[in-house]
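One structure follows; several queries about it will come next.
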Amino acid sequence: MEQQLRPSTGGDLNTMYSPLGSLIRRQAVTVPLDASIREAIRVMDEKRIGSIIIADAEGQLPLGIFTLRDLLHRVALPECALDVPIAAVMTGGVITVKPQTTAYQAALIMGRRGLRHLLVVGDDGKLIGIVSQNDLFALQRTGLNDVTGNIREARDMSSLQACSREIRNMANTLLLQGVSAEQLTHLISTLNDLLTLRIIELTHDEFELPQVRWCWIALGSEGRYEQTLSTDQDNGIIFEADGKAAETVRRSFLPFADAVNHKLDACGFPLCKGGIMAGNPEWCLSLEEWRAKFAKWIRTPEPKALLNASIFFDFRPLYGDDELSSILREWLLEAARDATLFLHLMSENALQCQPPLGLIRDFVFDKNKEFPHTIDLKMYGSRPFVDAARIFSLANNVALTGTAQRLRGAAVATSLGADLEAMIDGFYFIQLLRLRRQHDLQGNDAGANRIDPDKLNQLDRHILKEAFRMARKLQDKLRLDYHL
């Protein structure tokens, strides 16, 4: 089973949730601030490296970076003397990150700022190592740099829409090249995040926003980093305000948020039919209001509350003050962990979506008249995995939002054992079938998640059955844990 479902592991996108500390390929090479350009170039040549860090006398505090690009544009072309101190031609004000920063977060930073390297430093600011864009992405040949560069340079709606088309075209190309679903959904989410960030940045300049801490949050599949080729938008805003001031602050944010929502819609992310968007005053809330809303859902887990929890508890920060999101996440995990009734009802609700296998493990179909003899891979395929992973994460204090990462984070507590990776492989195989279906429809969302299993080849049919069996095992674990 595990062999059959395991996707390709080629490329570094499989480690997008890994901390940078585990991805450092080499120790950073440094020269002191008073070293000459000649000395720096000599060290780069000896070490066969494309960049060098300029540090303090002890080689511990990074002060700047010098790359082959700098050598071309700041030394060779201007005919700069090689005896000039390297400080004169280095790039100062380097961007540093901590070793616990994930590769995904690093990719966003690089894409936003047009960087090719990030310096990893400890809490004391001392240099640990360097991570390059090549370390994060094994897909340079696909034109990734061109897409991220175009997003960063976009200035108007037409250029933003062109970037959206580029993302979709790249995703379609990679799908045809056989890139795994895990890699592809991470890449789509990364590029969609960058596009959303750019839209927010440009829209920010059009409005006078209140001078408070605030954070734009992604929800649902976007919050889980699991976007496919067919996705609408789910988002909200957390801001800092006390008591009665919250309403005034909210009124100031809403026109801005609504403008962002409509720009996203124009770029191919349809407005949420359920109104789960930052431009809706119900989801543009102070930190205090978010906590109160979440607390009510947990204390009074009515059907609507359980549905909301399945969307909103997958939140993550996208723009602004990340700390607000972290505070809310910490509070939520603490509140949900011991909410036995809430978790019991969440599990009961999750078990309503049974994987579509009959008693003899053949496929069963719903009674959809528009798409007869088909299976909804989102509702009955992906969702059992997503729902179970969410419940396990809430019960076991796992702060991650991705389905696979939640399952791995709760692996010890849930005792899934040898089936864990097979479950994750099953989840991503279903995601892959969804991506293929959406590619075939070429942007037509009707039936975007439905497939006729009779149209699959024999191997894919077999693997799909095994994937559904893994979803059943996850649900069996929920039944056992919550006595259902």
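The values are calculated or read from the model by the stated rules, or taken from the named source; none is laboratory data. Note that the structure is predicted; figures quoted are calculated from it, not measured. Neighbour counts are summed over all protein chains in view; Cβ atoms, including those assigned to glycine, are modelled from backbone coordinates with ideal geometry.
Mind checking whether some residue in region 421-438 is crowded, with 18+ Cβ neighbours inside 10 Å, among the aliphatic types (A, V, I, L, M) and touching a strand residue (DSSP E or B) at 6+ places or on another chain (Cβ under 9 Å)?
Looking for residues that are crowded, with 18+ Cβ neighbours inside 10 Å, among the aliphatic types (A, V, I, L, M) and touching a strand residue (DSSP E or B) at 6+ places or on another chain (Cβ under 9 Å), one finds at least one in region 421-438, hence yes.
Restricting to region 225-245, and then to whatever is of a type in the set (G, A, S) and out of contact with any helix residue (DSSP H, G or I) (no Cβ under 7 Å at 6 or more places or on another chain), can you tell me which residue is nearest to G320 (Cα to Cα)?
Applying the filter and picking the extreme gives A245.
Whether any residue in region 100-112 is at pLDDT below 85, of a type outside the set (K, R) and outside any helix (DSSP H, G or I) is what I want to check.
Yes, that holds for at least one residue.
Does region 212-230 contain at least one residue that is part of a helix (DSSP H, G or I) and not small (G, A, S)?
Yes; the residues of region 212-230 include at least one that is part of a helix (DSSP H, G or I) and not small (G, A, S).
Still on this structure, please answer the following. All but one of (1) polar (S, T, N, Q); (2) in a loop (DSSP other than H, G, I, E, B); (3) under 30 Å from E201 (Cβ atoms) hold for Q354, so report the exception by its number.
It is condition (3) that Q354 fails.
Here's another thing I want to ask about it. Would you mind stating whether W283 is crowded, with 22+ Cβ neighbours inside 10 Å, in contact with a Leu (Cβ under 7 Å, 6 or more places away or on another chain) and farther than 27 Å from F427 by Cβ? If you could, list the steps in order and put the result at the bottom.
Details: crowded, with 22+ Cβ neighbours inside 10 Å: yes; in contact with a Leu (Cβ under 7 Å, 6 or more places away or on another chain): no; farther than 27 Å from F427 by Cβ: yes.
The answer is no for W283.
A further question follows. Residue under question is S164, and the condition is that it be modelled with pLDDT of 90 or more, of a type in the set (S, T, Y), surrounded by fewer than 23 Cβ atoms within 10 Å (Cβ to Cβ) and on the phi < 0 side of the Ramachandran plot; does it hold?
On the way: modelled with pLDDT of 90 or more: yes; of a type in the set (S, T, Y): yes; surrounded by fewer than 23 Cβ atoms within 10 Å (Cβ to Cβ): yes; on the phi < 0 side of the Ramachandran plot: yes.
For S164, the condition - modelled with pLDDT of 90 or more, of a type in the set (S, T, Y), surrounded by fewer than 23 Cβ atoms within 10 Å (Cβ to Cβ) and on the phi < 0 side of the Ramachandran plot - is met.
With respect to D376, is the statement that it is among the acidic types (D, E), touching a residue at least 12 places away in the same chain (Cβ under 8 Å) and in contact with a strand residue (DSSP E or B) (Cβ under 6 Å, 6 or more places away or on another chain) true?
yes
Check A278, A241, A292, A246 and return the single one that is free of Cβ contacts under 8 Å to residues at least 12 places away in the same chain and aliphatic (A, V, I, L, M).
None of the other options fit; the residue is A292.
Also, quick follow-up: Hey, could you check region 448-465 for residues that are part of a loop (DSSP other than H, G, I, E, B) and touching a residue at least 60 places away in the same chain (Cβ under 8 Å) and say which is farthest from Q227 (Cα to Cα)? Write out each step before concluding.
Our first condition is that a residue be part of a loop (DSSP other than H, G, I, E, B); within region 448-465, this holds for 448-449, 452, 456-457.
So of that shortlist, the ones also touching a residue at least 60 places away in the same chain (Cβ under 8 Å) come out as 448-449, 452.
Values: A448: 13, N449: 13, D452: 22 Å.
This residue is D452.
Checking the conditions here, which among L184, L144, L195, L136 is under 19 Å from R436 (Cα atoms) and crowded, with 20+ Cβ neighbours inside 10 Å?
None of the other options fit; the residue is L184.
Quick one: count up the residues across region 61-99 that are exposed (fewer than 12 other Cβ atoms within 10 Å of the Cβ) and in contact with a strand residue (DSSP E or B) (Cβ under 6 Å, 6 or more places away or on another chain).
Summing the residues that are exposed (fewer than 12 other Cβ atoms within 10 Å of the Cβ) and in contact with a strand residue (DSSP E or B) (Cβ under 6 Å, 6 or more places away or on another chain) in region 61-99 gives 2.
Among the residues of region 323-364, count how many are touching a helix residue (DSSP H, G or I) at 6+ places or on another chain (Cβ under 9 Å) and surrounded by 15 or more Cβ atoms within 10 Å (Cβ to Cβ).
Counting residues in region 323-364 that are touching a helix residue (DSSP H, G or I) at 6+ places or on another chain (Cβ under 9 Å) and surrounded by 15 or more Cβ atoms within 10 Å (Cβ to Cβ) gives 24.
Here's another thing I want to ask about it. Scan region 44-55 for residues that are modelled with pLDDT of 90 or more and surrounded by fewer than 17 Cβ atoms within 10 Å (Cβ to Cβ) and jot them down.
Step one: filter region 44-55 for residues modelled with pLDDT of 90 or more, giving 44-46, 52-55.
Answer for region 44-55, where residues must be modelled with pLDDT of 90 or more and surrounded by fewer than 17 Cβ atoms within 10 Å (Cβ to Cβ): D45, E46.
Can you name the condition, by its number, that R337 falls short on among (1) modelled with pLDDT under 95; (2) closer than 20 Å to E222 by Cβ; (3) not small (G, A, S)?
The failed condition is (2).
Among the residues of region 122-134, are any in a helix (DSSP H, G or I) and either within 24 Å of S230 (Cα to Cα) or of a type outside the set (V, I, T) (or both)?
Taking every residue of region 122-134 in turn, at least one turns out to be in a helix (DSSP H, G or I) and either within 24 Å of S230 (Cα to Cα) or of a type outside the set (V, I, T) (or both).
Pairs under 8 Å by beta carbon, first residue within 16 Å of A467 (Cα to Cα) in region 351-373, partner among the aromatic types (F, W, Y) and in a loop (DSSP other than H, G, I, E, B), six or more apart or different chains?
Partner pairs satisfying both residue conditions: P356/F365.
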